[in-house]
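The values are calculated or read from the model by the stated rules, or taken from the named source; none is laboratory data. On a predicted model such as this, the values are computed, not experimentally measured, just so you know. Ideal geometry is used to build each Cβ from the backbone, glycine not excepted, and the neighbour counts take in all protein chains shown.
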Amino acid sequence: MSGPKKRSTLRVVAALAILGPGSAMAGESTPAPSATADDAGQIAFNTHCRNCHSVKQDDHRLGPSLHGIFGAKAGQAKGYANYSGGLTPDITWDEATLDKFIADPKALASNTTMTPYPGLPDASQRKLIIDYLKAPAQKKDS
Ligand code: HEC
């Protein structure tokens, strides 16, 4: 009499070892990104603003970070040292003030140093950018 046979158990273990990694990889496909209004806003922002502004918190460039700018008072970004003094807290950034400022900065704040920025005459582009600045910050922190 030989000892108990363990061959069938070993076979099951071997089969699981082979199937395991293969089945784990099967579900890994990245869904294709779809174009949304957010994307259009991001593109407009990148085109007209991103040379000087980031939307990441505390990421100041030539201009101050625009993180959470919608609803904020003007000229208050912490850690940004280059304000002209032309942007004062009696300005609150809402649809109307942002629209006017982006169209023609000096029309809103005559002393502003947001230059050399030519103004953005296209109202639909301004709207896209304003909606983009309004969107929850976590969507934009990339
Ligand atoms: C050439 C660089 C430059 C470009 C391009 C530019 N900005 Fe600015 N921005 C600045 C500077 C500099 C300031 C600070 C101005 C000041 O203190 O008077 C500023 C200030 C601002 C502020 C006020 C921030 C605050 O803390 O109150 C807003 C809002 C703003 N920019 C939005 C925009 C948007 C939106 C665009 C694109 C449509 C844009 N900027 C394009 C340089 C730029």
Scan of segment 42-54 for residues that are near the ligand (Cβ under 10 Å from one of its atoms), under 11 Å from the mean Cα position of the chain (by Cα) and surrounded by 18 or more Cβ atoms within 10 Å (Cβ to Cβ), ordered by number
Phe45
Out of the residues in segment 107-142 meeting the condition of being charged (D, E, K, R) and exposed (fewer than 15 other Cβ atoms within 10 Å of the Cβ), tell me which one is modelled with the highest pLDDT.
Asp122
Would you confirm, using the coordinates I've provided, whether Gly75 is near the ligand (Cβ under 6 Å from one of its atoms) and either within 21 Å of Leu120 (Cβ to Cβ) or surrounded by fewer than 13 Cβ atoms within 10 Å (Cβ to Cβ) (or both)?
yes
Counting just the residues of segment 83-97 that are in contact (Cβ under 8 Å) with a residue 24 or more places away in the chain and more than 6 Å from the ligand (Cβ to nearest atom), which one comes out surrounded by the fewest Cβ atoms within 10 Å (Cβ to Cβ)?
Gly85
Cβ-Cβ below 6 Å, separation at least six or inter-chain, first residue in segment 111-129 and over 16 Å from Asp38 (Cβ atoms), second more than 8 Å from the ligand (Cβ to nearest atom) and in a loop (DSSP other than H, G, I, E, B): which pairs?
Gly119/Asp104
